[in-house]
Amino acid sequence: MKTLEQTVAQHREEWAERSLAQQQLEIANNEAVAKLYGLEDEVPSYVPLERVSLTNNSAFRWPNKTPEERDALFAQSAIVDLISYAVGCMFGRYSLDKPGLILGDQGSTLDDYLTKVPHPTFAPDDDNVVPIVDGDWFEDDIVELFRQFLRVAFGEQHFEENLRFVTATLSSITGIRTLRDYFIKTTARGAASRFYDDHVQRYKKRPIYWLFASPKGSFNALIYLHRYTPSTVSTVLTYLREYVTKLESALQQAERAGNAKEADRLRKIVVELNEYEHDTLYPKASENVIIDLDDGVKANYPKFGAALKKIPGLETASD
């Protein structure tokens, strides 16, 4: 089995060959039209590679970059796409075992998935809630699930090498040093993590994965809209409470060890999360909010108010 770096390189070369082939077709087409109208000496037929508008033509996507910069940007784009696909597999939207969309209807369940993919090599998250926090606090944390995905999709043999390649590629993004940074570190605009920013842009501000997030982002949990049920927010609340319990234990340890700086940091997070539960998440969980996907994201997103990460343009249904 190839390493991920080799796979990305092969993907890049395949697209380079397609782009060159398309360039020659466009040049030939221009020559044929010019000849038909007797304009061979008046109308140039040459088409620069930068004008060949294929999705993954590096010259077209990054016309002002050097070949080396284009290769790096291609790799970055490929890894971001891979992570997006991996998250889809985490929720059952996609599967490594079957092409195309697996779960895409309102109220889809894990049983629906298993009916279509009886023996998955990478099983979706069972409760449709994937926590995203600063550390390995949960077994189904998004970073841990992505590591599992890498092992299954690209083999245990090259896992460490593949993980290093993912991390090195993402580190070319400003402010990102680790895989976890990509999932939790806020962007320069402070709106959301780079991962969630990428997702919101990918779906043109109509995200299919919704991010429950405390005001300062100390707790985040991702859900898949198509698997949402009125009890989903209560499941998120359970994760929040479990996280607070773990943080309180860590706080006690820091206090006993005399680590005042760490204790102060943890204390502030616990206060933030308790306020988020009391003021926002518990009241919303008590509502058992019902949504209708036919109404669209714009109508449903505002129903959850401050429980969800703010997305400009989705504050109210009428925006």
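Please treat every number below as a calculation from the coordinates, not as lab data. Fair warning: this is a prediction, and the values are worked out from it, not measured in the lab. In this analysis, Cβ positions are derived from the backbone assuming ideal geometry, glycine residues included, and neighbour counts consider all displayed protein chains.
Observations on the model:
- As a size descriptor, the averaged projected area of the C-alpha convex hull of the chain was calculated at 21.6 nm².
- Where labels lie 7 Å past Cα in the beta-carbon direction, separation of D134 and K303 in nm: 3.3 nm
- Within a Gaussian network of the chain (alpha carbon springs, distance under 10 Å), most fluctuating of V297, V236, V52: V52
- Structural descriptor for the chain: relative contact order 14 percent, calculated from alpha carbon pairs under 8 angstrom and at least 6 residues apart.
- Cross-link reach is defined here as a Cα-Cα straight distance under 17 Å, omitting same-chain residues fewer than 8 places apart; for K98 the lysines meeting it are K116.
- Length released on extending from T235 to E68, taking residue separation times 0.36 nm less the Cα-Cα span: 55.5 nm
- Each Lys or Arg adds one and each Asp or Glu takes one away; over the other residues whose Cβ falls under 13 Å from the Cβ of K303, this sums to -2.
- Separation between Cα centres of the stretch 222-246 and the stretch 280-311, rounded to whole Å: 13 Å
- Y85 paired with R151, simple spin-label distance in nm, labels 7 Å along Cα-to-beta-carbon: 2.1 nm
- By the beta-carbon count within 10 Å of each Cβ, the least crowded to most crowded order of T169, T229, fewest first, is T229, T169.
- Taking 0.36 nm per residue of sequence separation and removing the Cα-Cα distance, the D111/E248 pair yields an extension gain of 45.7 nm.
- In the chain, the longest principal axis of the Cα atoms and the axis of helix 67-91 are about 50 degrees apart.
- Residues of the stretch 213-252 with amide N under 20 Å of a point placed 7 Å along Cα→Cβ from V271: 214-220, 241, 243-252
- Among L211, L39, L179, residue whose mean-square fluctuation peaks in a GNM of the chain (springs only between Cα atoms under 10 Å): L39
- FRET efficiency, E14 to R177 (Cβ-Cβ, R0 30 Å, nearest 0.05): 0.45
- Set of lysines near K303 by C-alpha distance (under 25 Å), chain-local residues within fewer than 8 positions excluded: K204, K205, K216, K284
- By definition, a body whose alpha carbon gyration tensor gives a ≥ b ≥ c is oblate when a/c is 1.5 or more and a/b is not larger than b/c, and the stretch 270-319 fits this oblate description.
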